[in-house]
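Student: There's a structure below that I have some questions on.
The values are calculated or read from the model by the stated rules, or taken from the named source; none is laboratory data. If you're wondering where the values come from, they're calculated on a predicted model, not measured in any experiment. Neighbour counts run over all protein chains shown; Cβ positions are idealised from the backbone, glycine included. Calculation scope for accessible area: heavy atoms of the full protein, side chains included, ligands and nucleic acids excluded. Shrake-Rupley method; radii C 1.70, N 1.55, O 1.52, S 1.80 Å.
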Amino acid sequence: MMKNIGFAGWRGIVGSVLLKRMLYKNDFYNTKIFFLTTSQIGEKCPIYANINIHPTLQDAYNIQLLLSLDIIITCQGSKYTRIIYHKLHEYGWKGYWIDAASYLRPFPNSCIVLDPINLHVIKKKIDMGIKTFVGGNCTVSLMLMALGELFKQNMIEWVFVSTYQAISGAGAKFIQELLLQNKFINDNIHNIINDNTLNILTLERKIANVMENKLFPKKHLTIPLINNVIPWIDQKMNNGQTKEEWKGQFETNKILDNKFIIPIDGICVRVPTLRSHSQSFMIKLKKELSINNITTFLQSHNKWVKIIPNDYENTKKYLTPQATNNTLNIAIGRIKKLNIDKYCFSAFTVGDQLLWGAAEPLRRIFKLLINIF
Ligand SMILES: NC(=O)c1ccc[n+]([C@@H]2O[C@H](COP(=O)([O-])OP(=O)(O)OC[C@H]3O[C@@H](n4cnc5c(N)ncnc54)[C@H](OP(=O)(O)O)[C@@H]3O)[C@@H](O)[C@H]2O)c1
């Protein structure tokens, strides 16, 4: 039977990547799609060949319409979920809710999906009648994909992580602003950038002054991110962590359905890259393993993990955001034992946070659900 699907947030950065993947994989077979919007009600929908689409954009807050849908996919964000999810359930909606936002992740009746890691948990939750499936935090999902086998074998004592998170992790408006910041600087130095007679410090000072200019674009970021890093992502928690850092331990253990919590902490940093998140790990194992054993374990877990040899040529070629952008690859390298403790090793991983870190687990749970009801 044909299923009615609502898709909110399809225009945002995660939604756009998800839509592109679903079209490529022909996931909309035997469905009718209602594209939902919070800002363009009544405008024409994008047209895609061989897909049954309601011709105009529908109000994402239209409860009557939402009640008629079998599955709602939303990449609209937590604010939307917070309003609509409860209202729909108060009206007795029985459909499946698939969400990229973080709001529902801590709810006991939600399942955080990352099927290469927790398909058994997902299946158990489906059998229990759970109907709320949420993608995990981007760095958590990428970490689990990279270190999957060590978690599966219960070999990890704890993890400390430093993240290097791209601006697309903050959404479409922020990407635009970072590009505007770049342009603002270039517009102000283009006549001196090639002047070899200029002292290099004069150029550096000029850029610093431009970044202080009151017209510098920073409506969303509030400070320059270009030529800068911001070691803070999301709200402050009352234990000194940011919420992004808090998610590391909470979500990892929920995804794994762990009875005994694996401690995870770190510092999450926004950097001025466009796409793909990088993470530097310090990992303590429960027993000593050789580097060969560690890499064999890591490689064996899933087909997307790519072990990058620990040398300069391979690192600069394959272990960068540029190398993983727009791919499903999870690159992991810089694997070495640490002087600090024989049970500890370091690793650096990079993955496209819009794919395995956001859209891909949602696409795959959609596919699973559409085939079972
Ligand atoms: N970005 C990531 O890497 C990532 C990873 C994991 C989870 N998430 C979560 O996924 C949810 C969606 O995140 P997102 O990064 O995709 O947000 P986003 O790009 O800001 O898009 C969200 C909504 O903003 C509106 N919008 C406003 N200006 C826009 C513009 N210039 N271009 C496109 N859309 C615009 C659109 O809604 P209308 O069409 O209704 O106006 C869009 O659906 C969030 O809860 C986020 O926390 C994000």
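Student: Convex hull volume of the Cα atoms in the stretch 329-373, per residue, in Å³? Don't skip to the answer; put the middle values down first.
Tutor: Values: hull volume 4.3 nm³, N = 45.
Spelled out: Cα convex hull of the stretch 329-373, divided by residues, is 96 Å³.
Student: Oh, and also: Among the aspartates and glutamates, which fall within straight-line cross-link reach of K342, defined as a Cα-Cα distance under 19 Å, with same-chain neighbours fewer than 8 residues apart omitted?
Tutor: E157, E288
Student: Rounded to whole Å, give me the distance from the Cα center of the stretch 84-125 to that of the stretch 1-74.
Tutor: Cα centroid of the stretch 84-125 versus Cα centroid of the stretch 1-74: 19 Å apart.
Student: I need the per residue convex hull volume for the chain, using only the alpha carbons, in cubic angstrom as a whole number.
Tutor: Values: hull volume 66.5 nm³, N = 373.
Dividing the Cα hull volume of the chain by its residues yields 178 Å³.
Student: Near the amide H of I267, under 5 Å away, which other amide H atoms are found, from residues 5 or more places off or on another chain, if H is placed in the peptide plane?
Tutor: V161, S162, T163
Student: Rounded to two decimals, what is the ratio between the C-alpha radius of gyration of the stretch 130-247 and 2.2 N^0.38 Å?
Tutor: Values: Rg = 20.0 Å, N = 118, 2.2 N^0.38 = 13.5 Å.
In units of the 2.2 N^0.38 Å rule of thumb, it is 1.49.
Student: Based on the alpha-carbon gyration tensor of the stretch 75-132 and its eigenvalue square roots a ≥ b ≥ c, which shape applies: rounded if a/c is under 1.5, prolate if not and a/b is larger than b/c, or oblate? Numbers along the way, then the final one.
Tutor: On the way: a/c = 2.53, a/b = 1.42, b/c = 1.78.
The shape class here is oblate.
Student: Would you work out which of C138, V210, S168 lies farthest towards the positive end of the dipole of the stretch 137-228? Charges go on Cβ: Lys and Arg +1, Asp and Glu -1.
Tutor: V210
Student: Students often forget the sequence filter, so: which aspartates and glutamates lie under 12 Å Cα-Cα from K236 once same-chain residues fewer than 8 apart are removed?
Tutor: The reachable aspartates and glutamates, counting only those whose Cα sits under 12 Å from K236, are E244, E245.
Student: List the pairs from K124/K254; K131/K367; K25/K131; K20/K123 whose alpha-carbon separation is above 18 Å, in the order I gave them. Kindly include the intermediate steps, with their values, before the conclusion.
Tutor: Details: K124/K254 14 Å; K131/K367 14 Å; K25/K131 23 Å; K20/K123 26 Å.
With Cα atoms farther than 18 Å apart: K25/K131; K20/K123.
Student: Related question: Once amide H atoms are built 1.01 Å from N in the peptide plane, which residues 5 or more positions from T327, or in another chain, come under 5 Å H to H?
Tutor: HN-HN under 5 Å from T327: D352.
Student: Gaussian network model of the chain, Cα springs within a sub-10 Å range: biggest mean-square fluctuation belongs to which of L298, L147, L67?
Tutor: Per the Cα network of the chain with a 10 Å cutoff, L67 tops the list.
Student: Once the dipole of the chain is set up with Lys and Arg at +1 and Asp and Glu at -1 on Cβ about the Cα centre, which of N50, W304, Q235 lies farthest towards its positive end?
Tutor: Going by the charge dipole, the pick is N50.
Student: Take the solvent-accessible surface of the protein heavy atoms, probe 1.4 Å, and return the percent of it on the chain that carbon and sulfur atoms account for. Walk me through the intermediate numbers first.
Tutor: On the way: 9750 of 18310 Å².
Carbon with sulfur: 53 percent of the solvent-accessible area.
Student: Could you tell me which residue out of I365, G12, T324 lies farthest along the dipole of the chain toward its positive end? Charges go on the beta carbon: Lys and Arg +1, Asp and Glu -1, centred on the Cα centre.
Tutor: In the chain, that residue is I365.
Student: Once you charge only the Cβ atoms, +1 for Lys and Arg and -1 for Asp and Glu, what is the size of the charge dipole of the chain about its Cα centre, to the nearest 20 debye?
Tutor: 440 debye
Student: Once phi is turned into θ = phi - 60°, what whole-Hz ³J(HN,Hα) does the Karplus curve with 6.51, -1.76 and 1.60 give for every residue of the stretch 127-133, x standing for Gly and Pro?
Tutor: Per residue, the Karplus-derived 3J(HN,Hα) values read 4, 7, x, 5, 10, 10, 10 Hz.
Student: Another question, if that's okay. For the chain, report the accessible area per residue in Å² (1.4 Å probe, heavy atoms, rounded to an integer).
Tutor: On the way: 18310 Å² over 373 residues.
Using a 1.4 Å probe on heavy atoms only, each residue of the chain averages 49 Å².
Student: For every helix of n ≥ 4 consecutive DSSP H residues, a contribution of -39,500 (n - 2.57) applies; sum these over the chain, divide by its total residues, and give [θ] at 222 nm rounded to the nearest 500 deg cm²/dmol.
Tutor: Details: 12 runs with 136 residues, N = 373.
So the calculated ellipticity at 222 nm is -11000 deg cm²/dmol.
Student: What are the ³J(HN,Hα) values, in whole Hz, obtained from phi via the Karplus relation 6.51 cos²θ - 1.76 cosθ + 1.60 with θ = phi - 60°, for each residue of the stretch 109-122 in sequence order, with x given for Gly and Pro?
Tutor: So the J values, rounded to whole Hz, are 8, 10, 10, 7, 9, 7, 4, x, 9, 10, 4, 4, 5, 4.
Student: Can you give the net charge of the other residues whose Cβ lies under 13 Å from the Cβ of K367, counting K and R as +1 and D and E as -1? Write out the running numbers ahead of the final one.
Tutor: Numbers: positive: K3, R21, K25, R363, R364; negative: D27, D115, E360.
Summing Lys/Arg as +1 and Asp/Glu as -1 gives +2.
Student: I'd like the distance between the alpha-carbon centres of the stretch 319-349 and the stretch 289-305, rounded to an integer number of Å.
Tutor: 12 Å
Student: Related question: Sorted from largest down, what three extents in whole angstroms do the Cα atoms of the stretch 255-328 have along their principal axes?
Tutor: Its Cα atoms span 37, 29, 21 Å along the three principal axes.
Student: I would also like to ask the following. Using only the Cα atoms of the stretch 224-360, construct the convex hull and provide its projected area averaged over every direction, in square nanometres to one decimal. Can you show the working numbers first?
Tutor: Details: hull surface 40.3 nm².
That works out to 10.1 nm².
Student: Would the stretch 146-194 count as rounded, prolate or oblate if I go by the C-alpha gyration tensor, calling it rounded below 1.5 in a/c and otherwise prolate when a/b exceeds b/c, oblate otherwise? Show your work: numbers first, answer last.
Tutor: Working: a/c = 5.43, a/b = 3.05, b/c = 1.78.
Judged from the Cα gyration tensor, the stretch 146-194 comes out prolate (a/c at least 1.5, a/b above b/c).
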